[in-house]
Each structure stands twice: as structure tokens, then as C-alpha cells.
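First the structure, in the form of C-alpha cells, and then the observations on it.
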Amino acid sequence: MDFNVKKLASDAGVFFTRAVQFTEEKLGQAEKTELDAHLENLLARADCTKNWTEKIYRQTEILLQPNPSARIEEFFYEKLDKKIPSRITNGELLGQYMQDAANDFGAATPYGSTLMKVGEYQRKLGETEREFMQTSAISFLTPLRNFLEGDWRTISRERRLLENRRLDLDVCKARLKKAKVAEAKASAEHELRVAQTEFDRQAEVTRLLLEGISSTHVNHLRCLHEFVEAQATYYAQCHRLMQELQRELARFPNTFTVTPSISADGLKIEEVQAPAAGTRKAKVLYDYDAADATELSLMADELITVYTVPGMDPDWLIGERGNQKGKVPVTYLELLS
């Protein structure tokens with residue numbers, strides 16, 4: 001028990017002398033041993049690496065999981081070392097709702113059958129998103145987190161120890177300057193040599209750790225390439241699925257055209273009319289911005305489906321792009337056979 005009390009008192013004394021030295025340095029009342037330029041550069045580079053790695057990690061988390069509640073839940077599961085439960089994506093949920101609605105509306109009806117098909121592809125998109133999130137979490141997020149929670153903590157601990165050794169060294173230098181008698185000087189010189197040795201040893205340990213930041217950059221570079229590959233694969237799969245869906249919907253019969261009209265009370269309403277036969281493809285020659293809600297905006301070089309309806313101005317056609325419909329000027333189109 002006496003030993004513990006003495007050790008506690010000794011630790012408190014060391015802490016106090018370090019605090020005094022640190023305060024006097026800040027006030028300009030004591031000299032400070034400066035680290036060599038190489039070590040200072042390594043420290044600055046390490047701080048920069050830590051700060052940007054932390055920001056990139058947090059923002060990638062938000063990109064992969066925009067829901068903050070879900071991120072907090074995943075954080076607690078990780079801290080408790082428990083398996084994170086599989087969570088359905090928004091795309092999968094939307095697809096399920098669409099297919100459930102199709103069953104209620106009637107899967108054989110035009111709207112129901114379209115909902116069923118779109119719902120099927122929304123679920124496929126959601127599954128693709130989940131695979132991308134899982135792949136990116138393993139190949140990119142995990143290495144960044146391992147650096148922040150592993151290597152950086154070790155570096156921070158050794159840096160704090162180096163600062164303590166530096167304060168101890170400067171305390172010994174100050175004592176030597178204040179020593180007047182030979183015996184006190186001899187004792188101060190011995191303490192200074194010991195403090196210098198411990199400081200040099202700790203500076204070398206810290207330097208070796210900081211030089212390892214270069215290996216961290218190389219590792220993170222490899223992980224960044226893997227993240228980009230995962231993104232490219234994900235977006236390519238999404239593009240392929242959407243093209244497939246567009247081809248599927250193109251086979252569905254056109255059962256209505258939306259045209260605006262004015263009700264008795266002056267409000268715009270939409271009437272459902274059957275389109276005339278003879279739909280055909282058209283290539284857009286120039287960009288066109290719709291003037292109002294009855295028109296369809298166009299982009300040069302895209303392909304759309306066009307047709308006419310009875311009584312329509314011959315300078316205009318009804319254009320259709322997916323679920324979007326509206327009037328388009330004939331002069332902006334090249335009609336294809």
C-alpha cells in the first residue's frame with residue numbers, strides 16, 4: 001500500500017513538473033526543445049492523412065447508407081461484436097409495394113401488369129444496391145476504419161509519449177541551468193543524459209511509425225481502386241437493368257394517351273383517350289424545352305415513340321418516352337420507318 005501511495009505521489013509530481021514546463025513554454029518563459037525538420041514533416045503528413053481519411057470515411061458511410069438511424073444501429077452492432085441484421089433496401093421495398101399493388105389492381109390490367117414488371121426490376125435494382133454496399137464496406141470502408149481505430153491510435157499514443165519525454169528533457173535542462181553547487185550540477189547532468197536518451201529513443205520509435213504512413217497511402221490507394229471498380233460494376237448493372245426494363249415496357253401495348261382539357265369550373269383536368277394506330281420511332285434532331293405541361297422536352301439524338309391523335313395540329317405529334325408523354329414539334333424530329 002505504501003508503495004502505491006509513493007508511486008501515486010511520484011506520478012503526480014512528474015505530471016506537475018510537465019504542466020509547469022508546458023505552461024512556461026506557452027508564456028515564453030522557458031525554452032523548448034524543437035523536433036528535427038524531418039520528424040516535424042512526418043507529423044504534419046500524419047495529421048493530414050488522419051483528418052482526410054476521417055472525412056472520406058464518414059462521407060462514404062453517408063453515401064452507402066444515407067439513413068442516419070441505420071448507421072447508428074450498425075455502429076452499435078459493430079461495437080457489441082454482433083452480426084448486423086440484413087436490411088431490405090429502399091428499391092426492394094418499392095418493388096414489393098408495386099407488385100402488391102399490381103395484385104390488388106389486377107395483374108392482367110395494363111396498369112397492373114406494368115406495375116408488376118416495374119416492381120420486379122425495382123427489386124433487382126435494390127438487390128444490386130445491397131451487393132454494392134456490402135462490397136464497398138468490405139473493400140474500402142473497413143481498411144479506412146482499421147487505420148483510424150488501429151494504426152492512428154498507436155501513433156497518437158507514441159506521440160503523446162514523445163511529448164512527455166520532450167517535456168522531461170526540457171525540465172532537466174532547466175534544472176541544470178539553475179544548479180549552483182557541484183553536487184547538484186552532477187546530479188542534474190546525470191538526469192539530463194537519461195532524459196536525452198529516453199527522448200532520442202522515443203523520437204526514433206515515433207519516426208518509424210510515422211514513416212509507415214507511406215504504406216498506409218499505398219494500401220488506401222489499392223482500396224480506392226477497388227471502390228471505383230465496385231461503383232463501375234454497380235452503375236453498369238443498373239444501366240443494363242433499366243435498358244432491359246425499357247425494352248420490356250416497349251412490348252406492352254399503348255392503352256392511353258393523356259391530353260389536357262378544361263373543366264366547367266376552369267380547372268385543368270386530364271382525359272384518357274386511345275391513341276391513333278401507327279406509332280413509330282423518331283430521332284430527335286435538336287434539344288427542345290417544353291413550353292408548358294402539355295409538351296415534352298427533348299434531347300438531341302434520343303429516340304422516342306410518336307403518333308398523332310384525331311384533330312391534332314399537323315405540325316405537332318404526341319411524343320412518348322417511358323412513362324412521359326406530351327406534344328412535340330415535327331420539325332425537331334426525323335421520323336424513322
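Quick notes on this structure:
- Segment 195-204 - residue that is of a type outside the set (Asp, Glu) and loosely packed, with under 13 Cβ neighbours inside 10 Å and, of those, farthest from residue 169 (Cα to Cα): 201
- Residue 292 falls short of the stated requirement of being more than 27 Å from residue 114 (Cβ to Cβ) and either within 38 Å of the chain's Cα centre (by Cα) or at pLDDT below 90 (or both).
- Filter result (under 17 Å from residue 137 (Cβ atoms) and open to solvent by 50 Å² or more (accessible area, probe 1.4 Å)) within segment 205-231: 219, 222, 224, 225, 226, 228, 229
- Residues (among the hydroxyl-bearing types (Ser, Thr, Tyr), closer than 30 Å to residue 216 by Cα and in contact with a Lys or Arg (Cβ under 9 Å, 6 or more places away or on another chain)) located in segment 153-202: 156
- Considering residues of segment 305-337 that are under 45 Å from the mean Cα position of the chain (by Cα) and among the charged types (D, E, K, R) only, the residue least open to solvent (accessible area, probe 1.4 Å): 320
- Helices (runs of 4 or more DSSP H) completely within segment 76-191 that count 3 or more residues being under 22 Å from residue 62 (Cα atoms) and touching a helix residue (DSSP H, G or I) at 6+ places or on another chain (Cβ under 8 Å): 90-105, 110-136, 142-146
- Annotation note: Cβ proximity below 7 Å between a residue of segment 87-113 that is touching a residue at least 60 places away in the same chain (Cβ under 8 Å) and over 18 Å from residue 133 (Cα atoms) and a residue that is open to solvent by 30 Å² or more (accessible area, probe 1.4 Å) and of a type in the set (A, V, I, L, M) (sequence gap 6+ or interchain) occurs for 113/107.
- Leading residue by the ranking (modelled with the lowest pLDDT) among those in segment 23-33 that are more than 41 Å from the chain's Cα centre (by Cα) and assigned to a helix (DSSP H, G or I): 25
- In segment 34-65, residue most open to solvent (accessible area, probe 1.4 Å) [restricted to those that are in a loop (DSSP other than H, G, I, E, B) and charged (D, E, K, R)]: 34
- Any hit, segment 99-111, residues being buried (at least 18 other Cβ atoms within 10 Å of the Cβ), within 30 Å of residue 250 (Cβ to Cβ) and modelled with pLDDT of 90 or more: yes
The values are calculated or read from the model by the stated rules, or taken from the named source; none is laboratory data. Nothing here was measured: the structure is a model prediction, and the numbers come from that model. Cβ: placed from backbone, ideal geometry, glycine included. Neighbour counts: every protein chain shown. Each accessible area value is taken on the protein alone, full model and side chains, heavy atoms only, with ligands, DNA and RNA left out. Shrake-Rupley method; radii C 1.70, N 1.55, O 1.52, S 1.80 Å.
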